[in-house]
Amino acid sequence: MARLEVGQIIAVLKEKLPDAVVEEVLDGVDPFVVVKAEAWAAVAGLCRDDSRLGFDLLSCITGVDYPEREDGAEIEVIYNLDSIANHHELTVKVKLPRDDPRIASVEEIWRTADWHERETYDLLGVVFEGHHNLVRILCAEDWVGHPLRKDYEPPDSFHGIKNVIY
Amino acid sequence: MTEAKIRTEEMLLNMGPQHPSTHGVFRVVVRTDGELILESESHIGYLHRCFEKCAEGNNYLQVVPYTDRMDYLCAMMNNWGYAVAVEKLAGIEVPERAEYIRVMVAELNRVASHLLAFGTYGLDIGAITPFLYAFRDRERILKIFEKLCGQRLNYSYVRVGGVTFDMTEEILADIEAFCDYFDPKIIDEYDNLLSYNGIFISRTANVGVMPADLAISYGVTGPSLRGSGVQRDLRRDAPYGIYDRLEFDVPVGTGEMGQLGDCWDRYMVRMREMRQSIRLVRQALAGIPEGPFCDKKAYRAVKPKAGETYKRVEGARGEVGFYIVSDGTNIPYRVKARAPSFSNISILDKLTSLSDVMVADLVAIIGSLDIVLGEVDR
C-alpha cells in the first residue's frame, strides 16, 4: 500500500467510524487526532486491520497529567502508531477524567501494549480495562501512589530506606 | 533398580537479578522440566531511576545528561534522539558541520556498542577470546570520544542545536585511522573467529526463532527486528540529520545458517551493520564542511513554544523515541522516553513458549536481543 498523509488517515478513520473522532489538530508541531475513550478499542482495531492504514507497530504509549485544565482535570493517553509497510505514522490521543481514568486495553491488538500499559498504569494510574496482568512494572509492587502525577509527594521512607534530598 | 526412585517434577528456577548473562539487573523466573523451559516470566524495574520524573524538574539542557544514562552503551544516539525532539519543538536549525559530526560520532558509537554486543555474546555462549579482541577495538573508539569530549561513556556530546565541542583536525585523523584499521581487516577477523565458528553456529542457529509479524507486534525494533528479515531502518525510512544524503545498505537476516529470525541472524545483522557504519563515517569524513558546530542561542538556553512532538532516531538497539510536551517554559512539562530495549526484551517470555528452549538457550536468546537494562528501566 502507499503512504498516506495525516489528513487522509483521519479521513479513513472518519469514514469507517464517524463518531469516534472528537478533534483533529493538523497545524501543531506534530499533527494529532483525539478520539473518544469509548471508541478507542474500535479505532485501534481499525488502525491495524485496515489495509490502507496498516499500523502494525505501536511505537509508544505516553500518559500526561493535566490537573489544572479549564474543563476539568484530565489525563491524556497518547498512542504513537507507525506503519512499517506504508511508512506513515499517526498520533492518537485519548482524554480521560483525572479522578477515574479508564480506557480499554489494546494488548490483544499490539502485544507491545502489555508492558507499555503497565508502565502507564504504574506511573500515572491509568486503568487499562481488559489487561490480563495490570500490575506495577517499574516501581516496587507495594509502592504507593503514581509518581508522574503532578501532585505526587514522594514518601519520606520506603521499607526503612530514608528519602534523602540533597 | 535405582532409576525408579528418581522423582521428576517441574521446578521453578530464579535467574537474576544479579546474573552475569542477563547483562544487568534483570530477573527471569523460569518453570523448567529438567533442562527444558516450559514458561518464563520477566521482571524488570530494578534499575529504575525516575528519568521521566527528573526531566520534569530540570530545564531542557539539563535533561541531556540523564539521557546518557539510559542506554550507556550508545549514549550518543540517546542524546541525539532527545536533541532532535527539542529542536523540532523549538524550531532550531542545526548547523551543517554539526550534522556531519553527529553522524560520525553516532556511527562510531554504534560500532562500539555492537562490538560490546559481539564480545559479550561470545562470553554468553562460552567463547572468551572474542571478548578480549572486542574490548581492544572498542577501547580505540572510546579513546577518540575521550579526546573529543572528556568522557568514555556518558558523553552528553550531542546537544540541542548541535554538539558540545568542535571536532579538531587531530581527532578527524584519529577517526580516519580507526576506519582504515578496522574495516575490512578486523571485521573479517571477527567473522572468522566467531561468526562462522561451527560450535557458535550450532549454539545460535535455529534457536529463539522470532517470526517477523510477532516481532513487530511486540514492538521489537533495530537489529533484532532486522534479524527477522524486516527491512526497517529509520535512517533510511524516516531520515533525520543528513542520512538522506549518505549511502548505506540495511542488512537483514536471511536464515542462511538455520531459520529466519534465529539468534545467529540477529547476531550477524550487527556484524554487518558495523561495516555500514564505517562506510557512513567515511562519507561524513569526506564531506564535513567548515562552520559553527552549534546554534549559538541554543548553546545557552532553550525555551520552546507550547506544543508537543514525538521524534525517533535509530539507536544501536532500535528506535529511541522521545515524546516531549512543552508548556512554553524552559522546563519540559513531560518527557517520555521510548527505550528500544524495553520493547525488545518484552518478547522474551513469548519466545521461550514458542519452541522447546533449554536453559542454556535462554542465555543465548537474551544475549542475541542485546539489551541494556539502564534503558529498560530508565
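Structure above, values below:
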quantity	calculated
Average beta-carbon neighbours from other chains, 10 Å sphere, peptide B:215-224	5
Peptide A:110-122 - average C-beta neighbours from other chains (10 Å radius)	5
Per-residue mean of C-beta atoms belonging to partner chains within 10 Å, peptide A:75-81	2
Debye log10 I(q)/I(0) for chain B, one point scatterer per Cα, at q = 0.10, 0.12, 0.13 Å⁻¹	-0.63, -0.89, -1.03
Overall Cα dimensions of the range A:6-162 - principal axes, largest extent first, Å	56, 35, 26
When each of B:Lys143/B:Lys336; A:Lys14/A:Lys95; B:Lys296/B:Lys336 is checked by Cα-Cα distance, pairs over 20 Å	B:Lys143/B:Lys336; B:Lys296/B:Lys336
Principal-axis tilt of helix B:359-369 within chain B, Cα atoms, nearest 10 degrees	20 degrees
Cα long-axis angle, helix B:129-149 against chain B (0 to 90 degrees, to the nearest 10)	20 degrees
Residues A:Arg98, B:Arg49 arranged by fewest to most Cβ contacts within 10 Å	B:Arg49, A:Arg98
In Hz, Karplus ³J(HN,Hα) per residue of the range B:297-303 (6.51, -1.76, 1.60; θ = phi - 60°; x = Gly, Pro)	5, 5, 5, 8, 7, 10, 9
Alpha carbon centroid spacing (whole Å) that separates the range B:72-115 from the range B:255-311	7 Å
All Cα pairs of the protein assembly as shown, percent lying beyond 38 Å	28 percent
Listed peptides B:61-72, A:22-33, B:347-358 by packing density, highest first (mean Cβ within 10 Å)	B:61-72, B:347-358, A:22-33
Vicinal HN-Hα couplings computed from phi for the range A:76-82 (Karplus, 6.51 cos²θ - 1.76 cosθ + 1.60; Hz; Gly/Pro x)	9, 10, 10, 10, 9, 9, 9
Other-chain or far-sequence residues with amide H under 5 Å of A:Val22's (modelled H)	A:Val34, A:Val35, A:Lys36
Principal-axis tilt of helix B:169-181 within chain B, Cα atoms, nearest 10 degrees	30 degrees
Centroid-to-centroid separation of the range B:117-174 and the range B:342-378 [C-alpha atoms, Å]	25 Å
Integer Hz, Karplus 6.51/-1.76/1.60 couplings in order for the range B:77-86, x for Gly and Pro	5, 5, 4, 5, x, 5, 4, 5, 5, 5
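Coordinate-derived values only; no laboratory data. Remember, it's a predicted structure, so these values are computed and weren't measured experimentally. All Cβ positions, glycine included, derive from the backbone under ideal geometry; neighbour counts span all protein chains shown.
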